[in-house]
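The structure appears right after this line, and notes come after that.
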Amino acid sequence: MNPPLQTWIEQLRSGDVRTLARAISTVENRAPGWSELLKALFPHSGKARVLGLTGPPGAGKSTLVDQLARFYRKQKHTVGIVAVDPTSPYTGGAILGDRIRMQEHFSDPGIYIRSMATRGSLGGLARTTADVTTVLDASGRDLIMIETVGVGQDEVDIVRLADITILILVPGMGDDVQTIKAGIMEIADIFVINKSDRDGAENVEREIRSLQSLAIRNDGWTPPIVKTVASQGLGIDKLAGAISDYESYLQEKDLALTKSVENWQERLVEMLRDALLDKARGLMTDGDMARYAAEVAEHKRDPYSLVEEIAANLGKS
């Protein structure tokens, strides 16, 4: 490892917040040296507990993350928060609603908050969310919470990154099970019914339980249902207890490593796809892509042979 990078790693590991911010920006923006930085940091990662909090817009994810951060800070745990925000159509950056809502934590060095723009990525996460999580993990944070953008039925990228996935629902959104009819129902390790002081909370719980009865998870775990009123701090202790219970279950059943291996299988495929796509783009100019598109649009050649040709050239380069 070159000396400047070694110094950078030491500063980050010692808890220097400015170095942490600089490292995250380097990774997120794919600035020069980002790959070497991640390679150097990876051996120091793997110790933090990663919580993924997902759910539809308006479910109160930010408020719940805020309250959980307060709870864990009282337990003397250090916390990293990655809030994935929608990309602004005007600036291309994140609409920093989550950082505004959590601004009173800024004076606490035990909490680091980072907003990320999706930049066109689907699935509820930004493309570099996993890498930013690695940086936070390597910096020594005990707990990392990732809040996805408001997601729909099949935007379930968070399950490949989080150790524990928490699905947040609220009553009174019209169709109470609109967000749990498809894939997103299957990723939840814990269900939270937030704003449970509203009418209809019992209906949401009943529908979750009826859907749970139709499918048995491979790990044998039955996701608990926790009711909260995050705006008042109610039920946060019960949610933290459910998180601890699932962790204990994974350890007792020796499932933690199995789950990690499954997650890494998916992530490695995704990383390989990104690397190959970047390599393919590097072999072509914007003019090449425009010419190829015109040839296909005019039916001068078929797209299937074209892609095969590009893929074959990757192997030669």
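Readers should treat all values here as calculations from the given coordinates under stated rules, not as data from a laboratory. Treat the numbers as computed from the prediction; the structure is a model and nothing was measured. Note that we place each Cβ from the backbone using ideal geometry, even for glycine, and neighbour counts take in every protein chain shown.
Legend: distances between Cα atoms for LYS47/LYS253; LYS39/LYS76; LYS47/LYS227; LYS39/LYS253; pairs beyond 25 Å are LYS39/LYS76; LYS47/LYS227; LYS39/LYS253. Taking label points 7 Å from Cα along the Cα-to-Cβ direction, SER231 and LYS76 give a separation of 3.5 nm. Here the spin labels are modelled as points 7 Å beyond Cα on the Cα-Cβ line, and at ILE216 and SER35 they lie 4.7 nm apart.
Taking the fewest neighbouring Cβ atoms within 10 Å as the starting point, the ordered list for SER231, SER107, SER139, SER196 is SER107, SER231, SER196, SER139.
Note on ASP108 and LEU272: with the Förster distance fixed at 30 Å, the Cβ-Cβ geometry gives a FRET efficiency of about 0.20. Ranked for footprinting exposure by Cβ neighbours inside 10 Å, fewest first, ASP163, ASP197, ASP278, ASP157 give ASP278, ASP197, ASP163, ASP157. Working from label points 7 Å from Cα in the Cα-to-Cβ sense, the HIS44 to THR285 distance is 4.3 nm. Taken one residue at a time, the phi angles of region 202-210 give Karplus couplings (6.51, -1.76, 1.60, θ = phi - 60°) of 5, 5, 4, 4, 4, 5, 4, 5, 5 Hz. Gly and Pro are set to x.
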